[in-house]
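First comes the structure, then the notes that go with it.
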Amino acid sequence: MTSKAIRDDAKVLVTGGCGFIGSNFVRFALENRPGWSIINLDCLSYSGNLENLTDIEDDPRYEFVKGDIRNMEDVEPLVKRCDAVIHFAAESHVDRSILDAGPFITSNVQGTQVMLDAVRRVKSDGGKAPVFFFVGTDEVYGSLPLDQPELMFTEETPIQPRGVYSASKAGADLLVQAYHETFGLDTRTTRCSNNFGPYQFPEKVIPLFVTNLIEGQQVPLYGDGLNVRDWLHVDDHCEAIIAVLEKGAAGSIYNVGGNNERTNLELTHLIIELMGKGKDMIRHVEDRLGHDRRYAIDPTRLKGEIGWQPTRSAWPEALEETVKWYVDHPDWWKRVKSGAYREYYEKQYAGR
Ligand code: NAD
Ligand code: TDX
């Protein structure tokens, strides 16, 4: 059953739909909610790639708008036209946030504030304000120790980010909760664990390691490799977002995870095995600054209240399928690694 806020023929504004999760979400939603139409607002930062959506770009239910979530002029006309906003757009790579915090603060914090203010304006003008869905991360809860495996993040765990990326996502997340409490916006928030799947920018560990191995290069494993992440297939994440959008209450917050905790060493060994390579391909490198040790999601609330749990994330099969996708799509990742994907916008949209 869908809630009244989300009609079967809803117009949905997706921000950051040219990135990894956003592009998978656009494809997943068009397939699974045939009545929806989707506007994709993306500024095409380095991780925004129109080639992630070439298969659906001519679908009459889909519209791409190049624009920046930090600009009210870009955002407001689109927010006015839609029933729901699903807000993915963000700077997403922890290592980049260590090199330069600036874009993380402007896109993640200020950009989210502009999005929320646009929704608020519709409401204060007496219109029907869209539901605002914030795609958050488990990293806002900080880091768990390795010697207490029973500890997990629940939605009641205090927000205690330890890095620039997670602090910027925590700022955005807390703004969403503030706009719900203060202005009565109808918000939903998910805090999800690490995603894997097709079209992930090859700076993140799985596509980086797979494509390095295909190119005959070693894989740079940070520190002792014992840091733990909980891996979720991106389509499971997309399905969870739709479930929370349709069944969650206004102001609700849900953790999303894969029940799939792995050390980086375990992940690396499995990738190497799937690629038919040897352990000599691992290069142990200096650790990431402030490297969070372990993330672990307690999924009880999502399962109990919404009835959702992952069905596509079980290893080794799910990882094998993803590794195979990169092996089978060298044209996609070679154009990303070389920067050639950036020409696509000009070719496709010049003069439009
Ligand atoms: P990504 O870097 O692949 O994609 C981000 C997209 O946002 C890009 O298309 C980029 O062009 C766009 N964008 C960035 N700044 C923008 C701006 N100012 N205006 C308009 N568009 C802008 O990231 P991703 O891995 O797909 O992550 C998407 C969202 O999910 C992020 O909010 C991230 O914090 C969250 N998240 C990611 C993971 C993960 O494992 N990747 C896990 C939990 C939550
Ligand atoms: O070269 C590498 N070597 C390495 O050992 C890279 C890029 C990563 N790592 C380690 C660091 C992490 O422990 O692998 C683990 C995963 O790293 P990333 O792929 O950079 O992801 P992470 O830092 O865990 O953050 C991701 O999950 C949560 C996403 O990038 C975030 O957007 C999301 O919120």
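The values are calculated or read from the model by the stated rules, or taken from the named source; none is laboratory data. All values reported here derive from a predicted model rather than from experimental measurement. Cβ atoms come from the backbone with ideal geometry, glycine included; neighbour counts cover every protein chain shown.
I'm trying to understand the selection: among the residues of segment 30-46, which are in contact (Cβ under 8 Å) with a residue 60 or more places away in the chain and farther than 27 Å from Phe104 by Cβ?
Of everything in segment 30-46, those that are in contact (Cβ under 8 Å) with a residue 60 or more places away in the chain and farther than 27 Å from Phe104 by Cβ turn out to be Asn32, Arg33.
Under the condition of being touching a helix residue (DSSP H, G or I) at 6+ places or on another chain (Cβ under 7 Å) and either within 15 Å of Ala172 (Cα to Cα) or charged (D, E, K, R) (or both), which residue from segment 136-162 is nearest to ligand 2 (Cβ to nearest atom)?
Thr137
If you check Gly111, Gly102, Gly136, which single one turns out to be within 9 Å of ligand 1 (Cβ to nearest atom), over 22 Å from Asn194 (Cα atoms) and modelled with pLDDT of 95 or more?
Gly111
Quick one: which helices (runs of 4 or more DSSP H) sit completely within segment 1-115 and have at least 3 residues that are within 16 Å of ligand 2 (Cβ to nearest atom)?
By residue number, 20-32, 94-99.
Can you find even one residue in segment 46-61 that is β-branched (Val, Ile, Thr), surrounded by fewer than 18 Cβ atoms within 10 Å (Cβ to Cβ) and either out of contact with any Ser or Thr (no Cβ under 6 Å at 6 or more places or on another chain) or farther than 20 Å from Gly136 by Cβ (or both)?
Looking through segment 46-61, at least one residue is β-branched (Val, Ile, Thr), surrounded by fewer than 18 Cβ atoms within 10 Å (Cβ to Cβ) and either out of contact with any Ser or Thr (no Cβ under 6 Å at 6 or more places or on another chain) or farther than 20 Å from Gly136 by Cβ (or both).
Inspect all residues belonging to segment 41-58 and state whether any of them is hydroxyl-bearing (Ser, Thr, Tyr), more than 14 Å from ligand 1 (Cβ to nearest atom) and either farther than 21 Å from Thr187 by Cβ or at pLDDT 95 or above (or both).
Pass one, segment 41-58, residues hydroxyl-bearing (Ser, Thr, Tyr): 45-47, 54.
Narrowing further to those that are more than 14 Å from ligand 1 (Cβ to nearest atom): 54.
Narrowing the set further to residues that are either farther than 21 Å from Thr187 by Cβ or at pLDDT 95 or above (or both) leaves 54.
Scanning segment 41-58, I find at least one residue that is hydroxyl-bearing (Ser, Thr, Tyr), more than 14 Å from ligand 1 (Cβ to nearest atom) and either farther than 21 Å from Thr187 by Cβ or at pLDDT 95 or above (or both), so the answer is yes.
Answer yes or no: is there a residue in segment 91-105 that is of a type in the set (Ser, Thr, Tyr) and over 17 Å from Ile21 (Cα atoms).
Quick first cut of segment 91-105, residues of a type in the set (Ser, Thr, Tyr) only: 92, 97.
Now drop any that are not over 17 Å from Ile21 (Cα atoms), which leaves 97.
For segment 91-105, residues of a type in the set (Ser, Thr, Tyr) and over 17 Å from Ile21 (Cα atoms): present.
So Leu319 fits all but one of (1) in a loop (DSSP other than H, G, I, E, B); (2) closer than 30 Å to Thr189 by Cβ; what number is the exception?
Condition not satisfied by Leu319: (1).
Please enumerate the residues belonging to segment 301-319 that are touching a residue at least 24 places away in the same chain (Cβ under 8 Å) and loosely packed, with under 14 Cβ neighbours inside 10 Å.
Those that are touching a residue at least 24 places away in the same chain (Cβ under 8 Å) and loosely packed, with under 14 Cβ neighbours inside 10 Å: Gly307, Thr311, Ala314, Pro316.
Checking the condition charged (D, E, K, R) and at pLDDT 95 or above, which residue from Arg335, Arg262 passes?
Arg262
On the given criteria, is Ile282 closer than 19 Å to Gln217 by Cβ and in contact with a Ser or Thr (Cβ under 9 Å, 6 or more places away or on another chain)? Explain how you work it out, then say what you get.
On the way: closer than 19 Å to Gln217 by Cβ: yes; in contact with a Ser or Thr (Cβ under 9 Å, 6 or more places away or on another chain): yes.
So Ile282 fits the description; yes.
Scan segment 178-202 for residues that are touching a residue at least 12 places away in the same chain (Cβ under 8 Å) and surrounded by fewer than 16 Cβ atoms within 10 Å (Cβ to Cβ) and report the count.
3
Please verify whether segment 296-305 includes one or more residues that are within 16 Å of ligand 1 (Cβ to nearest atom), closer than 23 Å to His93 by Cα and at pLDDT 95 or above.
yes
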